[in-house]
Amino acid sequence: MSVKEGQLFILSAPSGTGKTTILKRVMANVTNLGFSISHTTRAPRKGEQNGVDYHFVTVAEFQTMRENNLFLEWAEVHGNFYGTSRPAVLELLESGQDIILDIDVQGAAIIATDATVHGVSVFVAPPSLSELEKRLRGRGTDTNETIELRLNNAAKEMDATESYDYLVINDDLEEAVSTLQSVIIAERSHGHRLPTGEPIQLKGDGKK
Ligand code: ADP
Ligand code: 5GP
């Protein structure tokens, strides 16, 4: 990554862990951080807006994008297709903007083997599977069948934890938000940038 290019962050978590909740807070607090809006064939949940939460597309539209190589990564997750737009992400990174992707473990593995992008990956885990079930049921947006499917997949997804750069446990929400923000700021510092995401301009002090 050159200093001028933005940093790509990848966030994964079993469904219901609280990733969307954490992300909304982090996006409100951290400057120069953009969110990549994925394409999905899943139906919108109550309150979700097209072009804000996701680009909601048909299976045919998704397949056309796939055939035109427009996805940086895509995967079938819990019975629906999800994908990240390659041109949208690359354009923002090249403009110097940091981008965060909310994608599943399959998508994260694809990006990890892509030589054209370097992502810093963060896995968000629930404190336990029973707490995860409580959160999925408490959210009240999914049918029993969908919840069962997501819980079954969660156990498998947790096996991927080791391959991520960072692990955040979402037990206490504030702590999880603060840890993720710290990771972003540390990575900016590692890339010789300010916590705000801007490049550091080292000024001479006038002495020879
Ligand atoms: P995800 O995006 O990972 O699928 P959500 O952000 O939709 O998950 O969160 C799932 C549910 O869990 C929501 O009802 C949310 O309010 C709740 N939740 C999120 N974080 C916590 C937390 N730390 N403690 C308790 N409940 C939480
Ligand atoms: P949900 O249907 O709950 O919004 O998301 C289900 C899962 O799909 C989550 O694990 C989420 O991270 C993942 N997901 C969302 N967008 C993408 C994407 O563009 N690519 C991949 N691979 N997964 C995605």
Checklist line | Pair T20, D114: separation of 7 Å Cα→Cβ label points (nm) | finding: 2.3 nm
Notebook entry, point to check: If the cut-off is a Cα-Cα distance under 26 Å, which lysines reach K203, setting aside same-chain residues fewer than 8 apart in sequence?
Noted result: K4
Next item on the list: Distance between Cα centroids, region 146-180 to region 126-145: provide it in whole Å.
Entry: 13 Å
Next item on the list: Within region 168-197, find all residues whose amide N lies under 19 Å from a label point positioned 7 Å from the Cα of K134 along Cα-to-beta-carbon.
Entry: 169-177
Check: Which of the listed residues, A75, L151, G140, is farthest toward the dipole's positive end in the chain, when Lys, Arg count +1 and Asp, Glu count -1 at the beta-carbon?
Finding: G140
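Return one quarter of the surface area of the convex hull spanned by the alpha-carbon atoms of the chain, equal to its mean projected area, in nm². Don't skip to the answer; put the middle values down first.
Numbers: hull surface 53.1 nm².
Orientation-averaged projected area of the Cα hull: 13.3 nm².
Using +1 on the beta carbon of Lys and Arg, -1 on that of Asp and Glu, and nothing else charged, what's the dipole of the chain about the Cα centre, debye to 20? Write out the running numbers ahead of the final one.
Working: 20 positive and 29 negative charges, 118 e Å.
Charge dipole, the chain, about its Cα centre: 560 debye, nearest 20.
Taking the number of other C-beta atoms within 10 Å as the exposure measure, put L11, L70 in order starting with the fewest. Intermediate values should be presented prior to the final figure.
Values: L11 26, L70 17.
Neighbour counts put them in this order, fewest first: L70, L11.
Kindly count the pairs of lysines across region 8-190 whose alpha carbons are less than 18 Å apart, treating pairs on different chains or eight or more residues apart as eligible. Spell out each step's value before the answer.
On the way: K19/K46; K19/K134; K19/K156; K24/K46.
Final tally of qualifying lysine pairs is 4.
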Margin query: Can you give the FRET efficiency to the nearest 0.05 for D159 and L194, using r as the Cβ-Cβ distance and R₀ = 41 Å?
Written below: 0.65
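Every read-out reported here was derived from the displayed coordinates using simple, explicitly stated rules and does not represent laboratory data. Predicted, not measured: the structure shown is a model, and the values here were computed from it. Cβ: placed from backbone, ideal geometry, glycine included. Neighbour counts: every protein chain shown.
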